[in-house]
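The values are calculated or read from the model by the stated rules, or taken from the named source; none is laboratory data. The model shown is predicted, which means the values in this text are computed figures rather than measured ones. Areas reflect the complete protein model, heavy atoms only, side chains present, ligands, DNA and RNA absent. Shrake-Rupley method; radii C 1.70, N 1.55, O 1.52, S 1.80 Å.
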Amino acid sequence: DGAICDFSDDDRIKFLNDCHAAGVRNIEMEGMMLGVFCAQLGIPNAMISTCLINRLKGDQVQSGLTAEKQAAIERAPGDLILELLRSRGILSKKRAREEDGTEEEHGR
């Protein structure tokens, strides 16, 4: 994958299968660079990501993924962060509902 590739499609699939067998489910390439950049500058950082594509089945989102399911997958990282902030007392539950847009849904 990428602009410069010196490996075949068979090599690519073998590498992905080897990674999968080792338990790897996502390879976040861009985030690693941001993490290194922040670490070098002493800036605390973390990364959370979501995967919509199974590279073993191609490079496109597979059919059958409903808009609702895709929205839930995309929302999951933010929900996780909000829960972490709530659990550490950094963000109140009321403020978290305001942040994630559920304040109106709860009628509060």
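Listing for the model above:
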item: Ellipsoid equivalent to the range 1-73 - semi-axes via the Cα gyration tensor, in Å; result: 25, 21, 12
item: Solvent-accessible heavy-atom area per residue, rounded to whole Å², over the range 1-76 at 1.4 Å; result: 83 Å²
